[in-house]
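Step one of this worksheet: look at the structure below.
The values are calculated or read from the model by the stated rules, or taken from the named source; none is laboratory data. All figures in this text were calculated on a predicted structure; none of them were measured in a lab. Cβ placement follows ideal geometry from the backbone for every residue including glycine, while neighbour counts extend to all protein chains displayed.
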Amino acid sequence: MTAGPLVAPGLPVPPGSGWPEDPATPTTPVATDAAQVRTLAAGAVQAGGLGELMARQSVCRACTRLVEWREQVAAVKRASSRTQQYWGRPIPGWGDDDARMLILGLAPAAHGGNRTGRIFTGDRSGDVLFASLYRCGLAVQPTSTAAGDGQRLIRASMVAAVRCAPPVNKPSVTERDTCAPWLEAEFALIAHSVRVIVCLGGFAWQAAWPMLRSAGFTVPRPRPKFGHGAEVTLAASAGTGAQVAAAGAGGQVAGAGPGGPVLVLGCYHPSQQNTFTGRVTPAMLDEVFGRASRLAA
Ligand code: SF4
């Protein structure tokens, strides 16, 4: 693992203390409840910066249960990582600012993203996922093991619907809704370039629709059903596009707005259980990401 800063064992990494790819500083504002998440997310979008948004995401403390869990995991650790410093903070979005593809996951793994500070990094799901992204020309390396390891996405971005590792990988509905403004704000800032969204699993699929609506897309009713290979094309609502930047209200997040139609693609989550049982295979992932890559280009 790439060396992190020296901090007291068991404490999360202090913002701006030298951890690779840490977007925050000691003065980054911290949200401590759902209302503050909304305010700080909207403020970061209006200031126009993905960097500031990521920084604010990465220090959030709005969900009491998840904050306690992520910090407890970071303190106790697992036996094979006992000598490592854990990140122990929310995992911000990560990738290319001009992404044409957004990969949407559920939440960071307790000993994966919560340990390394980067989404899908340092766990088995990420191993399978990054190998496929590399084969499909979407990542510069076949592995993603630690922040600062040189891995980079190519015209793609990754984000989790919920940014803190939840117990048994199950965030509550309230936690999902509390975290949603971070997701909506992030998408508002990249929607102008995104052409394809790959949802890894049913939770991500459900989280995509409010995100898309808030960015100015027309979302079908009833909501489309999730499945591996499911596809839905969405058009921008009339009166959105560049005008979303001026609206910024009525359920829409201020931002550049859609740059054109977007295709939403369903893909089984490459969880350890799904890959062990063969529910999802490397070939199935390659098929989805290969198609997504061609369409996004
Ligand atoms: S899950 Fe989201 S809203 Fe809740 S504490 Fe983590 S970053 Fe904040």
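Inside the range 50-60, can you point out the residues that are touching an Asp or Glu at 6+ places or on another chain (Cβ under 9 Å) and within 9 Å of the ligand (Cβ to nearest atom)?
Gln57, Ser58
Within the range 130-160, work out how many residues are surrounded by fewer than 21 Cβ atoms within 10 Å (Cβ to Cβ), aliphatic (A, V, I, L, M) and assigned to a loop (DSSP other than H, G, I, E, B).
Of the residues in the range 130-160, 2 are surrounded by fewer than 21 Cβ atoms within 10 Å (Cβ to Cβ), aliphatic (A, V, I, L, M) and assigned to a loop (DSSP other than H, G, I, E, B).
Do you know which residues across the range 160-193 are in contact with a helix residue (DSSP H, G or I) (Cβ under 7 Å, 6 or more places away or on another chain) and away from the ligand (no atom under 16 Å from the Cβ)?
Listed by number, the residues that qualify are Ala188, Leu189.
Enumerate the pairs (first residue in the range 43-65 and aromatic (Phe, Trp, Tyr); second residue anywhere and assigned to a helix (DSSP H, G or I)) with beta-carbon separation below 8 Å, excluding pairs fewer than 6 apart on the same chain, so at least 6 apart or on different chains.
none
What are the pairs, 6+ residues apart or on separate chains, where a residue within the range 166-188 that is under 20 Å from Phe217 (Cβ atoms) has its Cβ under 7 Å from a residue that is among the β-branched types (Val, Ile, Thr) and away from the ligand (no atom under 12 Å from the Cβ)?
Within 7 Å, the pairs are Glu184/Val253; Ala185/Val45; Ala185/Val253; Ala188/Val45; Ala188/Val253.
Give just the number: which of (1) surrounded by fewer than 24 Cβ atoms within 10 Å (Cβ to Cβ); (2) modelled with pLDDT under 95 does Ala215 not satisfy?
(1)
Given the options Ala99, Ala34, Ala131, name the one that is over 16 Å from the mean Cα position of the chain (by Cα) and away from the ligand (no atom under 16 Å from the Cβ). Outline the logic, then answer.
Details: Ala99 fails: over 16 Å from the mean Cα position of the chain (by Cα); Ala34 fails: away from the ligand (no atom under 16 Å from the Cβ).
The conditions single out Ala131.
Which residue out of Ser157, Ser214 is within 18 Å of Leu53 (Cα to Cα), without any contact (Cβ under 8 Å) to a residue 40 or more places away in the chain and more than 12 Å from the ligand (Cβ to nearest atom)? Give the steps one after another, and end with the answer.
Values: Ser157 fails: without any contact (Cβ under 8 Å) to a residue 40 or more places away in the chain.
Testing whether each residue is within 18 Å of Leu53 (Cα to Cα), without any contact (Cβ under 8 Å) to a residue 40 or more places away in the chain and more than 12 Å from the ligand (Cβ to nearest atom) leaves just Ser214.
Tell me which of these Gly278 doesn't satisfy, since it passes every other one: (1) modelled with pLDDT of 70 or more; (2) surrounded by 19 or more Cβ atoms within 10 Å (Cβ to Cβ); (3) of a type outside the set (A, V, I, L, M, F, W, C); (4) part of a loop (DSSP other than H, G, I, E, B).
(2)
Does the range 2-17 contain any residue that is closer than 27 Å to Ala188 by Cβ, surrounded by 18 or more Cβ atoms within 10 Å (Cβ to Cβ) and within 18 Å of the chain's Cα centre (by Cα)?
Kept after step one, since they are closer than 27 Å to Ala188 by Cβ, are these residues of the range 2-17: 15-16.
The next check asks that each one be surrounded by 18 or more Cβ atoms within 10 Å (Cβ to Cβ); those that pass are 15.
Cutting the leftovers down to within 18 Å of the chain's Cα centre (by Cα) gives us none.
Scanning the range 2-17 turns up no residue that is closer than 27 Å to Ala188 by Cβ, surrounded by 18 or more Cβ atoms within 10 Å (Cβ to Cβ) and within 18 Å of the chain's Cα centre (by Cα).
Here is a yes/no grid of residues against (1) at pLDDT 95 or above; (2) within 11 Å of the ligand (Cβ to nearest atom):
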{"residue": "Gly4", "(1), (2)": "no, no"}
{"residue": "Trp19", "(1), (2)": "yes, no"}
{"residue": "Asp22", "(1), (2)": "yes, no"}
{"residue": "Pro29", "(1), (2)": "yes, no"}
{"residue": "Val45", "(1), (2)": "no, no"}
{"residue": "Gly48", "(1), (2)": "no, no"}
{"residue": "Gln72", "(1), (2)": "no, no"}
{"residue": "Ala79", "(1), (2)": "no, no"}
{"residue": "Arg89", "(1), (2)": "yes, yes"}
